[in-house]
Amino acid sequence: MKKLVISAMTLGLLLAAPAAMAAPDDHNHNRGHGAGQARSENAQMHVRGANQGQRNMPRERNAHMNQAQQNYGQQRSTFVHERNSIRAANRARAGAIQATQRANFSTRRANQATMRANFATFRANERSSQRYHWNNYQRPTGWYAHRWSYGERLPSAYYGSNYWIGDYVSFGLMAPPSGLVWVRDDNDALLINRYTGEIIRVEYDVFY
């Protein structure tokens, strides 16, 4: 009988041991399941954050692009305004210069017309009543003998300042009007337009 009881107790202990050993495993399983669930939630949160960041990136990129376009538009507007202002100023300046040139040209033409009208009273070809000895005439380059008369144009080499007759009174010549000057051509004295070389009057044989 005593052996039977001991056997029963031993059998009971053997049956209880697997249950006791299984209990810690269940606890560890539950703890591992909780940790895995936490990791899964963290991963999901990370994924959601990444997805949210990716969704925000196009908006930020669009905002930067819009700002860049706005800055470009402002800079271009400023550039166009400054360019147009410069062009307008240049056109105005060019117009003023052209207007001044036209006015000056008109004034010169009017003055020339007045001078021609005034010079008409001096036009003549005459022989001097008296002859004078005055230095030796240095012929200009290209000089040729010619009997000049009023209305003709003297070559520019013929009426340089070294050919002007400053002391015209000493040679019986009239005072030249403004814009005219007496010049010597060999033995003759010519009253010419100092700007154009047009001969207004000729006094032949003034010099010898």
Fill in: Under the Karplus curve 6.51 cos²θ - 1.76 cosθ + 1.60, θ = phi - 60°, whole-Hz ³J(HN,Hα) for segment 74-81, x wherever Gly or Pro sits
5, 5, 5, 4, 5, 4, 5, 4
Worksheet item: What are the residues whose amide H is under 5 Å from the amide H of L154, where those residues sit 5 or more places off or on another chain and H is modelled from the backbone?
Response: E198, I199
Worksheet item: Over segment 123-204, one equal point on each Cα, no solvent: what is log10 I(q)/I(0) by the Debye formula at q = 0.17 Å⁻¹?
Response: -0.61
Discussion item. Compute, for segment 118-188, the length of the dipole vector about the Cα centre, with Cβ point charges of +1 (Lys, Arg) and -1 (Asp, Glu) only. Units Debye, rounded to 20.
Written reply: 100 debye
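Throughout, read-outs are computed from the coordinates displayed, never taken from laboratory work. The structure presented is a predicted model; accordingly, all values stated were derived computationally and were not measured. For neighbour counting, all protein chains shown are included, and Cβ atoms are generated from backbone atoms with ideal geometry for every residue, glycine included.
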